[in-house]
Amino acid sequence: MLTAGATLDAFTQLDLDRVALLFDVDGTLIDIGPSPFEVDVSDELRASLARLFQRTTGALALVSGRPIRDLDMLFTPLELPAVGGHGAETRRAPGAAVSCIADLPEGLRKFLVEAVTPGSQLEYEDKGYSVALHYRKSPHEAERLRRHVAAGRAAFPEEATELLLGKAMFEVKRPGVNKGDAVRHLMTQPPFANRVPVFLGDDVTDESVFAVLPVLGGQGFAVGRHFPNITGIFPAPGDVREALRRMSGR
C-alpha cells in the first residue's frame with residue numbers, strides 16, 4: 001500500500017487523456033457534515049472539477065448516494081455526469097436525460113419517514129426510489145431506527161427491498177441496485193468508453209465500485225480507510241481536494 005505522499009503522486013500523475021475520473025462525494029470530495037444538508041462545496045473544488053472535466057474531454061462523473069438533482073444544487077453552476085442514489089439514477093453528460101428506476105410505494109416511504117419525530121434531530125431523504133434515515137446528530141436513536149425500518153419492510157412483504165448501511169444512516173432501497181453496476185454501464189458509454197476508470201470512495205456504499213474495477217482494468221483510491229485491491233489511501237477529503245487542484249493545473 002502506498003504512503004500518503006506516494007498516493008498523492010500516483011494520483012496526480014495519471015494520464016488525463018486515458019482515464020475516466022469517478023468520485024464519490026460525501027467523505028471523499030467534501031467533508032462529512034453534521035447532516036447531509038449541512039455541507040460545504042468550495043469554489044476551489046468547483047474550479048478544479050470544471051478544469052478536470054475539460055481536460056478529460058468530459059470523462060468525469062460524480063458517483064453518489066445523493067439524487068442527481070441534489071448534486072446539481074450542491075455543485076452549481078456545474079452540471080456534471082453523475083450516478084445518483086447509489087446507482088438508481090444515471091446521467092452520462094451535462095444536459096442529457098436522467099435514467100431512473102421506479103419509485104418505492106408511497107405508503108412504505110411515508111411509514112419510514114414517520115420515524116423522524118419532532119425533536120429527535122433525525123433527518124430523512126425521500127428520494128422516491130429509496131428513503132434514507134440519518135442519525136448523525138442522534139447516535140442513540142440507531143436501534144430505534146433499525147426496528148422501525150424492519151417493521152416498515154415487514155409491513156410491505158410484497159415489495160422487494162434492501163437495507164443499505166452507511167455512515168450513521170439506514171437506507172431502504174430496491175434490491176440489485178448499486179454503484180458498481182452503474183459504473184460498469186457508464187464505462188460502456190461515450191465519453192467514458194475505452195478509458196481507464198479511476199474511482200475514489202470512502203464508505204461501504206462504495207465497495208461495489210471497488211469490486212468491479214479489476215474487471216474494468218481500473219484503479220481505486222480510498223479516503224480514510226482500506227478496501228481490497230486499491231492503489232492508495234488519502235488521509236482525508238482535504239487531501240483529495242489538494243490532489244485535484246494539482247492535477248487540474250491550477
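The values are calculated or read from the model by the stated rules, or taken from the named source; none is laboratory data. From a predicted model like this one, the values you see are computed outputs, not experimental measurements. FYI the Cβ positions are ideal-geometry reconstructions off the backbone, even for glycines, and counts take in every protein chain you see.
Among residues of the range 17-45 that are surrounded by fewer than 19 Cβ atoms within 10 Å (Cβ to Cβ), those with a Cβ under 7 angstrom from a residue that is of a type in the set (Gly, Ala, Ser), sequence gap 6+ or separate chain, pair up as Val39/Gly33.
If you check Arg66, Arg92, Arg109, which single one turns out to be of a type in the set (Lys, Arg) and without any contact (Cβ under 8 Å) to a residue 24 or more places away in the chain? First the steps, then the outcome.
On the way: Arg66 fails: without any contact (Cβ under 8 Å) to a residue 24 or more places away in the chain; Arg92 fails: without any contact (Cβ under 8 Å) to a residue 24 or more places away in the chain.
That would be Arg109, the only listed residue that is of a type in the set (Lys, Arg) and without any contact (Cβ under 8 Å) to a residue 24 or more places away in the chain.
On inspection, Ala20 qualifies as assigned to a strand (DSSP E or B) and at pLDDT 95 or above. The number of residues in the range 1-52 being of a type in the set (A, V, I, L, M) and within 14 Å of Phe221 (Cα to Cα) comes to 13.
Does the range 53-64 contain at least one residue that is of a type in the set (Lys, Arg), crowded, with 18+ Cβ neighbours inside 10 Å and in contact with a Ser or Thr (Cβ under 8 Å, 6 or more places away or on another chain)? No, the range 53-64 contains no residue that is of a type in the set (Lys, Arg), crowded, with 18+ Cβ neighbours inside 10 Å and in contact with a Ser or Thr (Cβ under 8 Å, 6 or more places away or on another chain).
Residues considered: Phe227, Phe221. Of these, the only one that is in the same structural domain as Ala10 (by TED's automatic domain parsing), surrounded by 15 or more Cβ atoms within 10 Å (Cβ to Cβ) and over 28 Å from Gln54 (Cα atoms) is Phe227. Within the range 145-190, how many residues turn out to be touching a Ser or Thr at 6+ places or on another chain (Cβ under 7 Å), surrounded by fewer than 20 Cβ atoms within 10 Å (Cβ to Cβ) and within 13 Å of Gly65 (Cα to Cα)? Residues that pass the stated criteria total 2.
Residue-by-condition table, conditions (1) β-branched (Val, Ile, Thr); (2) assigned by TED's automatic domain parsing to the domain that holds Arg153; (3) at pLDDT below 95:
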{"residue": "Asp31", "(1), (2), (3)": "no, no, no"}
{"residue": "Ser35", "(1), (2), (3)": "no, no, yes"}
{"residue": "Leu45", "(1), (2), (3)": "no, no, no"}
{"residue": "Thr57", "(1), (2), (3)": "yes, no, no"}
{"residue": "Val63", "(1), (2), (3)": "yes, no, no"}
{"residue": "Thr76", "(1), (2), (3)": "yes, no, no"}
{"residue": "Val83", "(1), (2), (3)": "yes, no, no"}
{"residue": "Ala88", "(1), (2), (3)": "no, no, no"}
{"residue": "Gly95", "(1), (2), (3)": "no, no, yes"}
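Quick one: would you say Phe227 is of a type outside the set (Lys, Arg), assigned to a helix (DSSP H, G or I) and under 17 Å from the mean Cα position of the chain (by Cα)?
On the way: of a type outside the set (Lys, Arg): yes; assigned to a helix (DSSP H, G or I): no; under 17 Å from the mean Cα position of the chain (by Cα): yes.
No.
With respect to Leu145, is the statement that it is touching a residue at least 60 places away in the same chain (Cβ under 8 Å) and in a helix (DSSP H, G or I) true? Break it down stepwise before answering.
Values: touching a residue at least 60 places away in the same chain (Cβ under 8 Å): no; in a helix (DSSP H, G or I): yes.
Judged against the criteria, Leu145 is not a match.
Answer yes or no as to whether Phe199 is crowded, with 19+ Cβ neighbours inside 10 Å and assigned to a loop (DSSP other than H, G, I, E, B). No.
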